[in-house]
Structure formats: C-alpha cells, structure tokens
Amino acid sequence: MNAATQPKRNGRWILFALIAITIAPVLASYLAYYVWRPEGGKTYGELLKVGPVPAFRQAGLDGKPASLADLKGRWVLVMAASGDCQQACQKDLHALRQIRMAQGKFMDRVERLWLVTDAAVPSKQALAAADGARTARALEVIPLQGDVATGYYLIDPLGNQVIRYPRSADPVRVIKEVGKFLKNNENLG
C-alpha cells in the first residue's frame, strides 16, 4: 500500500463514521418506538376522552340559573351527589377541599362544584363539609363520562373533561396528580 491511498482510506472511514453518527439517533428512535413500544403514561385516575362537557341545565340552590361556563378559566373538581349528603358524602366533599388546599400557590386556580342530583335540601353539616364549594342542582342528566355517582371529575379551564377519580381514591395520590396537571398547564387558568 502506498502513501497516496492511505489518506483516501482514512477519509472514507471518517465519512462512514459521520453517516453512522447521523443515522444512529433516527434508527434508535425508530427501534424504540416500533420494536420496544413505550408504555403509556401512568395516571392514577381514569383519563377521559378529552372534549368539552356538553351544556346541561342546572340552577343554584337559590333557584337562579347556573352553568359550568361560569367557571371557565378555572380548573374544576366536580362531584355529583344527593342533597341528602350523609357521612360518606361529607367525607368526599372534605376530600375535595383538601385536594384544592394542598395545591398551595396553585390553589386559586381550582374551584370545587357539588352538583346536587335530586330535590333534597342539603343539611347544614353537608354545606359545612362543602366549605366554600359552589353548589348547584343538576336539573337534567349530567353528561360526564362514567358513573357520576361513584366518582369525581377534573375539568380543565377550557371546559374539557380530563380525568375521573373513584370516590375511594387515595387523596394523597390525587393531590400529587392534580398538582402535576396544574404545574404542567400553567398557561391554562
């Protein structure tokens, strides 16, 4: 081998190395996505098909018309329950309050809504458990995904249903997850 072909050969190896370095990330991403499928994100609640909550008739406990549109621009934790709110229901209302309070500096971006699903008048104890939550009477079927009587919902500031939690959900895990929603979506609400 003579000295003139040596630089040519080195040049080819450098060219092949540059091509390999350029193609390697593309090839790795292809393999990672199509061969080793990534697992979906881990959420504690049930992610819902994101879409606006259809309008439904509701009224405040005083009989004046109310609407979810009144809460646009805020994250809303929604719970639907009978006006005859007994101990378990009051515990759920308290849990929603704690979830909101635990958000710290983001607390003001969260509103709570208790939708009363029947004609019963909430007791003073139930209203005390609600402690500042908006209360409204649902005058027709509540158009949220899933069984509204067994869970509570998070609605984003644009009026979209986002996630559903069962009433038996661990409040600490819900607090962490709602906090992530608020932190990751600071530009919303």
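Here is how the number arises for the chain: DSSP H runs of 4 or more residues each give -39500 (n - 2.57), the sum is divided by the residue count, and the result at 222 nm is -11000 deg cm²/dmol.
Rolling a 1.4 Å probe across the protein heavy atoms gives the chain an accessible surface of 62 Å² per residue.
Measuring how big the chain is from its alpha-carbon positions, Rg and Dmax come out at 26.3, 100 Å. Figure note: 109, 97 ranked by solvent-accessible area, largest first, 1.4 Å probe, ligands and nucleic acids not counted: 97, 109.
Of the whole protein surface, residue 158 contributes about 100 Å² of accessible area at a 1.4 Å probe radius.
Rounded to the nearest 0.05, the FRET efficiency derived from the C-beta distance between residue 8 and residue 35 at R0 = 25 Å is 0.10. Working from Cα pairs under 8 Å separated by at least six residues, relative contact order for the chain is 29 percent. Computed in the context of the full set of protein chains, the accessible area of the stretch 1-160 at 1.4 Å probe radius has 61% of its extent on carbon or sulfur. Under 5 Å from the amide H of residue 58 lie the amide H atoms of 66, 139, each residue being 5 or more positions distant or on a separate chain, with H modelled from the backbone and absent for Pro and chain starts. The magnitude of the dipole of the chain, with charges of +1 and -1 set on the Cβ of Lys/Arg and Asp/Glu and taken from the Cα centre, is near 860 debye.
The values are calculated or read from the model by the stated rules, or taken from the named source; none is laboratory data. All figures in this text were calculated on a predicted structure; none of them were measured in a lab. Reconstructed Cβ throughout: ideal geometry from the backbone, glycine too, with neighbour counts over all protein chains shown. What goes into the accessible areas is simple: the full protein's heavy atoms, side chains included, and nothing from ligands, DNA or RNA. Shrake-Rupley method; radii C 1.70, N 1.55, O 1.52, S 1.80 Å.
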